[in-house]
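Have a look at the structure below before the remarks.
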Amino acid sequence: MRKYIVRKNFDQNDLDELNVPNRTVFFEKKKGAKILSEEDQKSNNEKQINSTNSPEDQYIKKTNHDEEILSTEAKKIFDESLSAMEEYDKKRLDNIYDQLSTEKKISKELNEKLHKNLSKIASAELELVKKKNQLEKDLDDKTKQLIDSERFAAIGQLSGKLAHELRTPLTVIKGSVGVMKHKKGEVIDDSIIQKLELMEESIYRMNNQVEKVLSFVQKYPLNKKEESLRNIIQRSVSLVRKNPKITILTPKNDVRFNCDPIKMEVVIGNMLLNALQAIEKEVGQIIIEINESPDLINITIQDSGKGIPEDLGEQIFSPLVSSKMDGTGLGLSSVKNIVEQHGGIINFKNNPTTFTISFPK
């Protein structure tokens, strides 16, 4: 039986129907050859195809093999890199722990030094406070000694002024007593009454001067009791020599105050005497008022005099400072001392001249 296959390498245009061999190849079956079925032939063809690889298949196989090798190398490199990173992180953590340990040690040392320094500072501060307190005490002692020495040094100056102040009222008393002796057995008339009033005023002035000196030289303890301030003011006004040209207005209201009445009479008496001397022989008035607030009791004494000289200012409360030629300069100083003994303060202002004494309730 003949078999044939069609050639594929011929030109279709040159096809010659009679020239069959040009397009057909015939072959005969060899004797003894086995005729394969189509399935066996197909299987043999596949085996043949599989057994004989083309260059492309070889390239693909080679490529796959290379990729497997590269994948293995990459995995190896990745594992090495991961190990290196883990080792680096471990060393880095170890370095951090070492650094933290070092810093902790340094911090502990610094804290210990800080505590020691703070202890030293606290000790030094305590020592400074002790020295400060001691210095303040020494300063107070020295100040008291200085004030006492100044007071006693001023006694020499006071003696002359006090002698002059006492000599004048004593002269008045002596003359009044002499006149009254010559009128022995006669009826007491107005002239005798005037002499008695002069004697009373002179005695008040002498007592006032003595109180000033005593208040300046030493401070006696207060003998406090509840007293009417209005009564104290009335008694003080009654002891002052009346000038018909000067009107003294006393308060109509009243406040009871825990004070030393005798010393308060000295305060009001000195203030009235200063006001009278400031007005002198002119027509004027003195107004005394009592005011109170929830916390304070205020006594104001206002006069129509010429006022306090501007150059004296607050010095008028200092001892031996006076705006009068014959003044001792102890009146307002004594007033300030007595007021401060009662826990109060005294201030003044001009236009019109007004002294304000404030006591806490």
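The values are calculated or read from the model by the stated rules, or taken from the named source; none is laboratory data. Quick caveat: nothing in here was measured; it's all calculated off a predicted structure. For neighbour counting, all protein chains shown are included, and Cβ atoms are generated from backbone atoms with ideal geometry for every residue, glycine included. To get the accessible areas, we keep the full protein, side chains included, count just its heavy atoms, and leave off ligands, DNA and RNA. Shrake-Rupley method; radii C 1.70, N 1.55, O 1.52, S 1.80 Å.
Can you list residue pairs whose Cβ atoms sit under 8 Å apart, with the first residue in the range 253-282 being under 16 Å from VAL210 (Cα atoms) and modelled with pLDDT of 85 or more and the second being assigned to a strand (DSSP E or B) and open to solvent by 20 Å² or more (accessible area, probe 1.4 Å)? Count only pairs 6 or more apart in sequence or on different chains.
The qualifying pairs are MET264/GLU227.
Please specify each residue of the range 311-359 satisfying the condition of being modelled with pLDDT of 80 or more and open to solvent by 70 Å² or more (accessible area, probe 1.4 Å).
If the condition is that a residue be modelled with pLDDT of 80 or more and open to solvent by 70 Å² or more (accessible area, probe 1.4 Å), then GLU340, ILE345, ASN347, LYS349, ASN351 are the ones that fit.
Hey, among the residues in the range 234-255 that are more than 23 Å from SER334 (Cα to Cα) and touching an Asp or Glu at 6+ places or on another chain (Cβ under 8 Å), which one's most open to solvent (accessible area, probe 1.4 Å)?
It comes out as LYS245.
Please find, within the range 158-185, the residue that is least open to solvent (accessible area, probe 1.4 Å) out of those that are modelled with pLDDT of 70 or more and polar (S, T, N, Q).
Only one residue fits best here, namely SER176.
With respect to ASN231, is the statement that it is within 17 Å of ILE287 (Cα to Cα), in a helix (DSSP H, G or I) and modelled with pLDDT of 90 or more true?
yes
From ILE188, ILE155, grab the single residue that is at pLDDT below 75, assigned to a helix (DSSP H, G or I), of a type in the set (A, V, I, L, M) and open to solvent by 60 Å² or more (accessible area, probe 1.4 Å).
That would be ILE155, the only listed residue that is at pLDDT below 75, assigned to a helix (DSSP H, G or I), of a type in the set (A, V, I, L, M) and open to solvent by 60 Å² or more (accessible area, probe 1.4 Å).
Here are some conditions: (1) at pLDDT 90 or above; (2) farther than 22 Å from ASN291 by Cα. ARG241 meets all but one. Which one does it not meet?
(1)
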